[in-house]
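One structure below.
Just so it is clear, none of the values below were taken in a lab; they were calculated from the coordinates. Just so you know, these numbers come straight off a predicted model, no measurement behind them. Glycine also receives a Cβ, built like all others from the backbone with ideal geometry; neighbour counts cover every protein chain displayed.
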Amino acid sequence: MLVFETNLGTFEVELFEKEAPISSANFLSYVDDGFFDGVIFHRVIPGFMIQGGGFEPGMKQKKTKDPIKNEATNGVKNERGTLSMARTNVVDSATAQFFVNLVDNEFLDHTGPSNYGYAVFGKVSSGMDVIDQIAKVSTTNRAGHQNVPASDVTITKAYRKK
C-alpha cells in the first residue's frame, strides 16, 4: 500500500503487483527514491483523468529512469479509480508519469496492436474524494501544455504505508 500526501489531501494506492509486475516494480522504485515528493499533477481533465509524476512546479520536467515494457495486455481495465502508466505514442515509453482514471475509460484498454492501450497497475484504495477534488481545480495553458492546474496541485510526499 502506498500513501500520497498532496496539498489537497491524502489518498492511498494499492498496486497490482501480480497483474502488472514491471509497472509496479518501476513505480515502487520511484516512490522509494523519493522521486514523487514535490512533483505536481500537471494535467487535469474533468470527466477523464488526472496525470502527474513528471513535472515540478513551474512545469520543470524531472529526469526519469529508462522506459519500461507496456503491460496493457494484462486484462485489467481502465476503470474509475485505477492508476495507469502514461506514455507517448510509442507503446513501450512509460517512465514515471501516471494517471488516475476519473471515469471508466474503456477506449484506453488494450484491444490489439492498433490500440495497444495503457497499462493499469493499481487503484486508489482510499481517498477517491481527494482525487475528485483535484479533478475540480481550474486549469490553464502553461509552458506549451494544456489542462495545467492554475494553482499547483503538489504531491508533498509519497511512501510505502508501514
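List of remarks:
- Helical mean residue ellipticity (222 nm; -39500 (n - 2.57) per DSSP H run of 4+; nearest 500) of the chain: -3500 deg cm²/dmol
- Angstrom value of the Kirkwood radius, inverse mean 1/r, which spans all Cα pairs in the chain: 15.5 Å
- Sequence-distant lysines (8 or more away, or on other chains) whose Cα lies within less than 21 Å of residue 157: 60, 62, 63, 65, 123
- Listed residues 44, 100, 130, most fluctuating in the chain (Gaussian network, C-alpha, under 10 Å): 130
- Cβ-based exposure ranking for 125, 84, in which fewest neighbours within 10 Å come first: 125, 84
- Cα-projected label distance for residue 59 with residue 17, points at 7 Å along beta-carbon direction, nm: 3.8 nm
- Peptide ranges 115-122, 60-67 listed from the most packed, as the mean C-beta count within 10 angstrom indicates: 115-122, 60-67
- Within the shell defined by Cβ-Cβ distances under 11 Å, the residues around residue 28 carry a net charge of -2, with Lys and Arg each +1 and Asp and Glu each -1.
- Look at 71, 106, 79 and count the other Cβ atoms within 10 Å of each Cβ; fewest to most, that gives 106, 79, 71.
- In the elastic network of the chain, a GNM with C-alpha springs shorter than 10 Å, the most mobile of 140, 73, 82 is 140.
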